[in-house]
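Just so you know, all these numbers are worked out from the coordinates, no wet-lab data involved. Treat the numbers as computed from the prediction; the structure is a model and nothing was measured. Using ideal geometry, Cβ is built from the backbone for each residue, glycine included, and neighbour counts are taken over all protein chains shown.
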Amino acid sequence: MSVDWSEVYRTTYASIVRFIHRQVWDEDRAHDLAQEAFVRSLPHEPENPRAWVFRIASNLVRDEAKMVVRRKKHLALLRTEQEAVAPAPAEPDAELDRKEREERVRRALAALTDRDREVLLLWDAGLGYAEIAAQTGLAPGAVGTTLSRARKKLVASYDALEETDAARG
């Protein structure tokens with residue numbers, strides 16, 4: 001039985017991009033990594049192609065995170081050798097509010113454990129409990145509990161960050 005990769009791509013691409021974007025926070029990079037996930041999937045004939053692509057995407061995101069850390073260290077060294085850059089022009093209030101909310105979401109997601117964040121993002125990307133269990137190695141019965149806990153932690157973390165930001169002014 002051959003995998004119909006064009007059908008998998010058609011039905012899964014948007015979910016993969018959303019899943020990746022919520023981890024790398026760069027839409028163009030999310031699209032690039034999603035394409036790479038599909039390219040790496042093509043030579044294989046997995047039993048569950050959708051879960052397979054998500055697994056590859058997860059691995060690519062992990063590799064991306066490692067690369068970003070190395071790049072940041074390198075850039076920090078370069079910055080010490082360069083002059084300070086002029087600040088960017090002020091943005092409209094609505095854009096500033098959107099960016100502040102997005103930053104709070106990023107920080108709230110970062111406050112979760114790796115497992116909780118992965119389960120939450122896989123669920124948000126549209127994977128079912130069985131697919132999440134296969135992807136993460138959790139028992140199928142533990143996915144719902146983990147997902148519930150992750151949601152509660154995310155909301156609590158976001159609310160705390162919102163209160164802290166509001167107290168600062």
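Sorted fewest first by neighbouring Cβ atoms within 10 angstrom, Thr136, Thr113, Thr12 come out as Thr113, Thr136, Thr12.
May I ask you to compute the full-extension gain from Arg29 to Asp159, defined as 0.36 nm times their residue separation minus their alpha-carbon distance, rounded to one decimal in nm? Don't skip to the end; give the middle numbers.
Numbers: separation 130, 0.36 × 130 = 46.80 nm, distance 2.85 nm.
Result for the pair: 43.9 nm of gain on full extension.
In terms of its alpha-carbon gyration tensor, segment 91-169 comes out prolate; a/c meets the 1.5 threshold, and the first ratio a/b outweighs b/c. Between the alpha-carbon centres of segment 143-169 and segment 1-58 there is a gap of 28 Å. Fully extending the segment from Leu96 to Arg40 would add 16.4 nm, taking 0.36 nm per residue of separation and subtracting the current Cα-Cα distance.
Quote to one decimal, in nm, the extra length available between Tyr13 and Arg115 on full extension: 0.36 nm per residue of separation minus the C-alpha distance between them. Each step should come with its number before you reach the end.
On the way: separation 102, 0.36 × 102 = 36.72 nm, distance 2.28 nm.
That works out to 34.4 nm of additional length.
For Ala166, neighbours were defined as the other residues whose beta-carbon sits under 11 Å from its Cβ, and their charges (Lys and Arg +1, Asp and Glu -1) total -3. Taking 7 Å along the Cα-to-C-beta vector as the label spot, tell me the Ala166-Lys152 distance in nanometres, rounded to one decimal. A separation of 2.3 nm, rounded to one decimal place.
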